[in-house]
1. Going through the range 63-107 one residue at a time, which ones are of a type in the set (S, T, N, Q) and within 20 Å of residue 33 (Cβ to Cβ)?
2. Given the conditions (1) over 20 Å from residue 115 (Cα atoms); (2) part of a helix (DSSP H, G or I), and given that residue 72 satisfies all but one, which numbered condition is not satisfied?
3. From the list 58, 6, pick out the single residue that is farther than 21 Å from residue 125 by Cβ and among the β-branched types (Val, Ile, Thr).
4. Mind checking which residues of the range 12-41 are over 19 Å from the mean Cα position of the chain (by Cα) and over 20 Å from residue 111 (Cα atoms)?
5. Does residue 139 satisfy the condition of being modelled with pLDDT under 95, surrounded by fewer than 11 Cβ atoms within 10 Å (Cβ to Cβ) and outside the structural domain of residue 77 (by TED's automatic domain parsing)?
6. Quick one: would you say residue 93 is assigned to a helix (DSSP H, G or I) and over 30 Å from residue 22 (Cα atoms)?
7. Step by step: first the residues of the range 32-49, then only those that are surrounded by 18 or more Cβ atoms within 10 Å (Cβ to Cβ) and of a type in the set (Lys, Arg), then the one that is farthest from residue 126 (Cα to Cα). Which residue is that?
8. For the range 126-135, state whether one or more residues are exposed (fewer than 11 other Cβ atoms within 10 Å of the Cβ) and either part of a helix (DSSP H, G or I) or of a type in the set (D, E, K, R) (or both).
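The values are calculated or read from the model by the stated rules, or taken from the named source; none is laboratory data. Predicted model, so just to flag it, every value in this text is computed and none were measured. Cβ coordinates were reconstructed from backbone atoms using ideal geometry, including for glycine residues, and neighbour counts include every protein chain displayed.
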Amino acid sequence: MEYVVIALVFLGAWHYLYQRIVLPTVHCRWRNKLFALRDELRTFSFDNENYDRVAFEITQHGINNAINLVDVLDLEMQAKMHRRLTHDSDLRAQVSERSKAVENTQDQQIKDIMKRASEVVRDVSVLNAGGWFIYVVPIALMFVFSNSIMRMAAEIINIDKQNDDDMHGFGALRH
């Protein structure tokens, strides 16, 4: 029982340290990357008179949203957004239209900046869920190896007395 308590204290400490110390530092780093991408996008717009203003606005708006949401972006939020897009045809059409505007722009630099911003959002989503990985990984491993565990359990049940004693070191005492 004491091992369970120790494990729970360790898990709680890990989660607290990850959420309160590691993540704020990581958030600052990723937010700064997004600021740099936004600056690069704005510099591109200043340096070029004829650029795709629609694609620029969509990309800038997306980066601004990502900057504001760095603390809450996670896999759960992405799953909720996916479900909402699945069920809300108006929202799906709007997102599709905006995505196509950026995909179809002739300004390769805008496309590249949007791609890099999307990669930052992906990475932040995974890192924000990192505090939970320590809870999920053992359960996932149990499911992955459940067939092997069940097979070993069946083998243990079917071991005869002589082999059981040998496995525990008692066989040498009896011989």
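1. 64, 65, 68, 78, listed by residue number.
2. Going through the list (1) over 20 Å from residue 115 (Cα atoms); (2) part of a helix (DSSP H, G or I), residue 72 breaks only (2).
3. That would be 6, the only listed residue that is farther than 21 Å from residue 125 by Cβ and among the β-branched types (Val, Ile, Thr).
4. Within the range 12-41, 12, 13 meet the criteria.
5. Judged against the criteria, residue 139 is a match.
6. Spelling it out, residue 93 is indeed assigned to a helix (DSSP H, G or I) and over 30 Å from residue 22 (Cα atoms).
7. The selected residue is 38.
8. Within the range 126-135, not a single residue is exposed (fewer than 11 other Cβ atoms within 10 Å of the Cβ) and either part of a helix (DSSP H, G or I) or of a type in the set (D, E, K, R) (or both).
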